[in-house]
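Notes follow once the structure below has been shown.
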Amino acid sequence: MAIDSTTVRHIARLARLAIAEGDVAPVGAELGRLLELADRLGAADVAGIEPLAHPHDQALAWRADAVIETDRADELLALAGESRGGFYLVPKVIE
Amino acid sequence: MSISIAQQARALRARETSAVELARRALDAARAHAPLNAFITHADASALAAAERADAALARGAAAPLCGLPFVHKDIFCTNGIRTTCGSRMLESFVPPYDATVVERLAAANAVTIGKANMDEFAMGSSNENSHFGPVRNPWDTTRVPGGSSGGSAAAVAAGIVPFATGTDTGGSIRQPAAFCGITGLKPTYGRVSRWGMIAFASSLDCGGVLARSAEDCAQVLAAIAGHDPRDATSMQRPADDYVATLSTSLQGIRIGVAREYFGAGVEDGVGAAVREALAALEKRGAVLVDISLPHAELAIPAYYVIAPAEASSNLARYDGVRFGHRCTDPASLEDLYSRSRAEGFGAEVKRRILIGTYALSAGYYDAYYLRAQRVRRLIANDFTEAFRQVDLIAGPTAPTVAFKLGEKANDPLAMYAADVNTVAVNLAGLPAISIPAGFSEGMPVGLQLIAPAFAEARLLAAAHQFQQHTDWHLHVPGGAA
């Protein structure tokens, strides 16, 4: 079943993906088809089964409390679309 | 041209060739095979510099097994100073300021990267048609796909450009292209190879590995890249085994489970027949075939296509147009910057998965989809645990079909997802698996998948190697004799 337009716009907003008005209905139809695939999970008897988030049980390892990252701010800022004075630039947030 | 690691390494040690000559030949071959579109970036200058260092190491007699061998990295591994796109417009101009651990380790072994291989965008795809840089073509038949997402890696090895390539496997992205291109592809145990610097798709599933001509070659490369990395919290602390020394282990008495679910309705007759013949060949060498069942196998695709997109929607949130990657022009607001940069930077399949993943994680649907998929994931993992009480390895076709035609499934996501039917469960359970050439159907290669318990790569590689000692499917190359 297709996902309604309000839900498509809501999900796209949550995902921060701009969506053209003409694409809302086709995207809703497509997501509906994908959910039909996901709905097959309903056939499984999962009563009492714990969710598995990660394939292996392993305690996190401790590492030495030592500095391993050096100051590479300039190199990293150079990757940004816009930066100035050691900061990332974004459109004005507060008027 | 010699195309195995062993052949090239022998020629280097016998001074019949040099690392610089091998690098030049590989770079020339990469360009001669330009119509395959296997490469996103060629790295001539750094390759020749690395080859000179390798020649110096060879002259000192201090050469590691991979020293001087040309190879390609899937363009998902960050390479310091070499553009790393992940097949996406989002990262079209991204030049990482650091190397991934896999990149570091192969560089330390003096292997020579000649370039970055094409791939499905953010490793999302089973045909390599989702690349921003265009589809890769299968060297066996250029009207067909090479498989995906490590399609460029598979095509480069199959075409004889390089003896090996790195790849990643989140749901089959090493094994399925290896099967489609008639080569050997190893997906190690989750956590065996560091994910540090490997661009994230689905963090509980992503696994770095290798595509090469043979299991023996895969063992050599795995030996170089496996092992704990303190920079990746999910990398396993357990030491790596000696994968090369154990290759000679006999098949005698090895119990191979033949999972009936892997020979289901979607498996083409020619594929099923080739795989059954390969199983008979294993039996002839002393393996014991045991019929087994993995009762939740049919739920692997639905579980995977909830969990992987959910993790992707979270991982890909980092592409915000601010810090790196594509940035839209003239954003009207911060939100416009985010949403338009992402809409412009991501392709259709990536957006599809971000949206479905966001939906599965959103309030009201989390329990019904994401949590339920994780419970099914445990059932699938438990199936393997049960099966491995009876058998040492599990076998079946890697993919239900041979390589399909370009465009055949490009507009039907569900048909494309079905190509992963025999591979995704392995990722959900975090197990190692290998695809090895096992015959032909319709003139196209067929892959046999062997699956092992966690950390039993040595057993997996030895069984595959023994098969390859007694068959020659892995020696066939596109367009004629080996």
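The values are calculated or read from the model by the stated rules, or taken from the named source; none is laboratory data. Bear in mind that the values here come from a model prediction, so they are computed numbers and not experimental data. FYI the Cβ positions are ideal-geometry reconstructions off the backbone, even for glycines, and counts take in every protein chain you see. Ligands, DNA and RNA are stripped out before the accessible areas are found, and what is left, the full protein with its side chains, is counted by its heavy atoms. Shrake-Rupley method; radii C 1.70, N 1.55, O 1.52, S 1.80 Å.
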Only one of B:ALA59, B:ALA63 is assigned to a loop (DSSP other than H, G, I, E, B), farther than 28 Å from B:GLY134 by Cα and open to solvent by 20 Å² or more (accessible area, probe 1.4 Å); which?
-> B:ALA63
Among the candidates B:THR79, B:THR113, B:THR41, which residue alone is farther than 30 Å from B:ASP412 by Cβ, of a type in the set (Val, Ile, Thr) and open to solvent by less than 10 Å² (accessible area, probe 1.4 Å)?
-> B:THR79
Return the residue satisfying two criteria in turn: it lies in the range B:341-359 and is facing chain A (nearest Cβ under 7 Å) and in contact with a helix residue (DSSP H, G or I) (Cβ under 6 Å, 6 or more places away or on another chain), and of such residues it is farthest from A:ASP39 (Cα to Cα).
-> B:ILE354
Restricting attention to the range B:437-448, does a residue exist that is assigned to a loop (DSSP other than H, G, I, E, B) and farther than 30 Å from B:ALA226 by Cα?
-> yes
All but one of (1) assigned to a strand (DSSP E or B); (2) open to solvent by 10 Å² or more (accessible area, probe 1.4 Å); (3) of a type in the set (Ser, Thr, Tyr) hold for B:THR166; which doesn't?
-> (2)
Identify all residues within the range A:52-71 that are closer than 29 Å to B:LEU294 by Cβ and open to solvent by 50 Å² or more (accessible area, probe 1.4 Å); write none if there are none.
-> A:ALA53, A:HIS54, A:ASP57, A:GLN58
Within the group B:ARG53, B:ARG83, B:ARG60, which residue is among the basic types (Lys, Arg) and free of Cβ contacts under 8 Å to residues at least 40 places away in the same chain?
-> B:ARG60
Exactly one of B:ASN118, B:ASN130 is closer than 23 Å to B:CYS218 by Cα, away from chain A (no Cβ under 14 Å) and touching a helix residue (DSSP H, G or I) at 6+ places or on another chain (Cβ under 9 Å), and that residue is B:ASN118
Only one of these conditions is not met by B:ALA100: (1) small (Gly, Ala, Ser); (2) touching a His at 6+ places or on another chain (Cβ under 9 Å); (3) open to solvent by 10 Å² or more (accessible area, probe 1.4 Å). Which number is it?
-> (3)
May I ask you to list the residues in the range A:23-51 that are more than 30 Å from B:LEU379 (Cβ to Cβ) and open to solvent by less than 60 Å² (accessible area, probe 1.4 Å)?
-> A:VAL24, A:VAL27, A:GLY28, A:ALA29
Which one of the conditions (1) within 14 Å of chain A (Cβ to nearest Cβ); (2) closer than 26 Å to B:ALA458 by Cβ; (3) under 24 Å from the mean Cα position of the chain (by Cα) does B:ASP412 fail to meet, given that it meets all the rest?
-> (2)
Residue check, A:ARG13 out of contact with any strand residue (DSSP E or B) (no Cβ under 8 Å at 6 or more places or on another chain), within 30 Å of B:ASP336 (Cβ to Cβ) and open to solvent by 70 Å² or more (accessible area, probe 1.4 Å) | yes
For the range B:396-405, does any single residue satisfy the condition of being surrounded by fewer than 20 Cβ atoms within 10 Å (Cβ to Cβ), in contact (Cβ under 8 Å) with a residue 40 or more places away in the chain and charged (D, E, K, R)?
-> yes
Answer from B:GLY185, B:GLY191 - the residue that is within 13 Å of the chain's Cα centre (by Cα) and crowded, with 24+ Cβ neighbours inside 10 Å | B:GLY185
Any residue in the range B:432-459 that's surrounded by fewer than 24 Cβ atoms within 10 Å (Cβ to Cβ): show its pairings with residues that are at pLDDT below 95 and in a loop (DSSP other than H, G, I, E, B) at Cβ separation under 6 Å, as long as the two are six or more apart or on different chains.
-> none
Considering only residues that are part of a loop (DSSP other than H, G, I, E, B) and touching a Phe, Trp or Tyr at 6+ places or on another chain (Cβ under 9 Å), look in the range B:241-278 and name the one that is least open to solvent (accessible area, probe 1.4 Å).
-> B:LEU251
Look at B:PHE384 and say whether it is touching a residue at least 12 places away in the same chain (Cβ under 8 Å) and open to solvent by 10 Å² or more (accessible area, probe 1.4 Å).
-> no
Give the residues of the range B:365-381 that are over 17 Å from A:LEU35 (Cα atoms) and either free of Cβ contacts under 8 Å to residues at least 40 places away in the same chain or more than 7 Å from every other protein chain (Cβ to nearest Cβ) (or both), sorted by residue number.
-> B:ARG375, B:ARG378, B:ILE380
Is the range B:187-207 home to any residue that is modelled with pLDDT of 95 or more, in a helix (DSSP H, G or I) and either out of contact with any strand residue (DSSP E or B) (no Cβ under 9 Å at 6 or more places or on another chain) or not β-branched (Val, Ile, Thr) (or both)?
-> no
Checked B:TYR338, B:TYR304, B:TYR319 against criteria (touching a Gly at 6+ places or on another chain (Cβ under 9 Å), within 23 Å of A:VAL93 (Cα to Cα) and more than 8 Å from chain A (Cβ to nearest Cβ)); the one match is B:TYR319
Of the numbered conditions (1) under 21 Å from B:ASN37 (Cα atoms); (2) in contact (Cβ under 8 Å) with a residue 60 or more places away in the chain; (3) touching a helix residue (DSSP H, G or I) at 6+ places or on another chain (Cβ under 7 Å), B:ASP229 fails exactly one; give the number of that condition.
-> (1)
Over the range B:121-137, the set of residues crowded, with 24+ Cβ neighbours inside 10 Å, farther than 15 Å from B:PHE39 by Cβ and not aliphatic (A, V, I, L, M) is B:GLU121, B:PHE122, B:GLY125, B:SER126, B:SER127, B:ASN130
Do we have B:ARG389 as at pLDDT 95 or above, among the basic types (Lys, Arg) and over 27 Å from B:LEU251 (Cα atoms) here?
-> no
If we only count helices (runs of 4 or more DSSP H) wholly inside the range B:279-362, which ones have 2 or more residues that are open to solvent by 10 Å² or more (accessible area, probe 1.4 Å) and β-branched (Val, Ile, Thr)?
-> B:348-361
